[in-house]
Amino acid sequence: MRRVTVIINPIAGVRPKHVIPDIVREVLPSDVFDVDIRFTEYAGHASEIAKEAVRNGDDSVVAIGGDGTINETAKSLIGSSTALGIVPMGSGNGLARHIQIPLELSRALEVVRVGHREMIDFGDVNGHIFFCTAGIGFDAMVSQEFAEKKGRGPINYARSAIEVFAKYDPMTYDIYTDDGNIKEKAFLIAIGNAAQWGNNAYIAPRASMTDGLLDITIVKPFPLVEAPHMTMQLFSGHLDDNPHVSTFRSENIRIVLPKPDTIVHVDGEPIRLNGPLNIRIHKAGLYVLTPAEQMSNLLEPIQYAIEEIHFSIWNNIRNGVRQLEKATSNAIEEIKKSAKI
């Protein structure tokens, strides 16, 4: 019998989570799987649960959430024989999309049921581990803006990107690799172990998670008029064909920052770092459950995007109603206090 721990982040993404346990039990039946379903209750809880699963000798730990939940879970499985299972429930789902995990819940769990596993690389930025991408510049600033918003989903992410773009000022970086060094003014610098940020935005389109190398993408400042064309290249997987973009590979990268206290994103999570960034690849450090055969559905990403927008709109409306109810309640209390006076 295969022991499997399932970690569910109840606040990841915009989709309802209460239906998940029943679907998990249906796809992973009790006559074959010993399943322990856990909901996270605080930051760092997923890591604690995953470490416990490793100590118990679990076959796999399934992270149901966004890239942050997956990152937190995966870090605790490095170097063990316990494999990471992924059920994407976030805004971008970069790692899941790269290894072609289905976006639909029961089909993603089917990958766990089959149990096919592969070993992948991971990277770190000054000790902060990432499995998909890390970066500085525009994308890091967007991750910070998005993290400060109450709502999740593609609508709020797009709003964050627009707000950052309106006030963003590119900076100049000194970049050192195994093959030499360059000084470059950059709109952003992305370091990819996987090919995409998420939502099929291929920032490092030739990246592989099993080649022992990091793919560095430097997007230089560009005229605003070229933004639509670059966006098309980003989503079609041809951004590296753009003259404002340069790419290279290296096992190690050192980036000297133009100012202290710089925001860096690690798998979409913003952190503040001082001093130079020392980035390196770690080869074959994590087992991941991956599709044993092609499971792609051409319509699935479109359907998922439509559903994400639907849930995002609904959650924004619901949050707006709650804020209105709270404001109304406060106003009534103030009126009552004034009336007593």
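Residue count for segment 121-132 under the criterion of being in contact (Cβ under 8 Å) with a residue 12 or more places away in the chain and either surrounded by 24 or more Cβ atoms within 10 Å (Cβ to Cβ) or not hydrophobic (A, V, I, L, M, F, W, C) (or both): the result is 8. Of the helices (runs of 4 or more DSSP H) contained entirely in segment 1-86, not one carries at least 1 residues that are of a type in the set (V, I, T), modelled with pLDDT under 95 and at positive phi. For segment 72-94, a residue qualifies if it is within 21 Å of N156 (Cα to Cα) and either of a type in the set (S, T, Y) or touching a strand residue (DSSP E or B) at 6+ places or on another chain (Cβ under 7 Å) (or both), and the qualifying residues are M89, G90, S91, G92, N93, G94. Examine segment 186-198 for a residue that is within 15 Å of the chain's Cα centre (by Cα), under 23 Å from K17 (Cβ atoms) and modelled with pLDDT under 90, and state whether such a residue exists. Scanning segment 186-198, I find at least one residue that is within 15 Å of the chain's Cα centre (by Cα), under 23 Å from K17 (Cβ atoms) and modelled with pLDDT under 90, so the answer is yes. Regarding segment 210-233, can at least one residue be identified that is within 20 Å of the chain's Cα centre (by Cα) and among the small types (G, A, S)? No; the residues of segment 210-233 include none that is within 20 Å of the chain's Cα centre (by Cα) and among the small types (G, A, S). Given (1) closer than 30 Å to M119 by Cβ; (2) surrounded by fewer than 16 Cβ atoms within 10 Å (Cβ to Cβ); (3) hydroxyl-bearing (S, T, Y), where does T177 come up short, assuming only one miss? Evaluating T177 over (1) closer than 30 Å to M119 by Cβ; (2) surrounded by fewer than 16 Cβ atoms within 10 Å (Cβ to Cβ); (3) hydroxyl-bearing (S, T, Y) leaves (2) as the failure. Regarding segment 69-91, can at least one residue be identified that is in contact with a Cys (Cβ under 9 Å, 6 or more places away or on another chain), of a type in the set (V, I, T) and either open to solvent by less than 30 Å² (accessible area, probe 1.4 Å) or within 26 Å of G237 (Cβ to Cβ) (or both)? The answer is yes, given that some residue of segment 69-91 is in contact with a Cys (Cβ under 9 Å, 6 or more places away or on another chain), of a type in the set (V, I, T) and either open to solvent by less than 30 Å² (accessible area, probe 1.4 Å) or within 26 Å of G237 (Cβ to Cβ) (or both). Taken together, the criteria place H45 among residues that are surrounded by fewer than 21 Cβ atoms within 10 Å (Cβ to Cβ) and either out of contact with any helix residue (DSSP H, G or I) (no Cβ under 7 Å at 6 or more places or on another chain) or among the basic types (K, R) (or both). Taking segment 117-201 and the strands (runs of 3 or more DSSP E) fully enclosed by it, the elements with 2 or more residues that are among the basic types (K, R) are at 180-186. Does S47 count as in contact with a Ser or Thr (Cβ under 7 Å, 6 or more places away or on another chain), more than 16 Å from V111 (Cβ to Cβ) and among the hydroxyl-bearing types (S, T, Y)? Judged against the criteria, S47 is a match. As for segment 1-23, it holds no residue that is free of Cβ contacts under 8 Å to residues at least 40 places away in the same chain, under 25 Å from M119 (Cβ atoms) and surrounded by 22 or more Cβ atoms within 10 Å (Cβ to Cβ).
The values are calculated or read from the model by the stated rules, or taken from the named source; none is laboratory data. Model, not experiment: these values are computed from the prediction. Quick reminder, even Gly has a Cβ in these numbers, built from the backbone with ideal geometry, and neighbours come from all protein chains shown. Quick note on the areas: whole protein, heavy atoms, side chains included, nothing else; ligands and nucleic acids left out. Shrake-Rupley method; radii C 1.70, N 1.55, O 1.52, S 1.80 Å.
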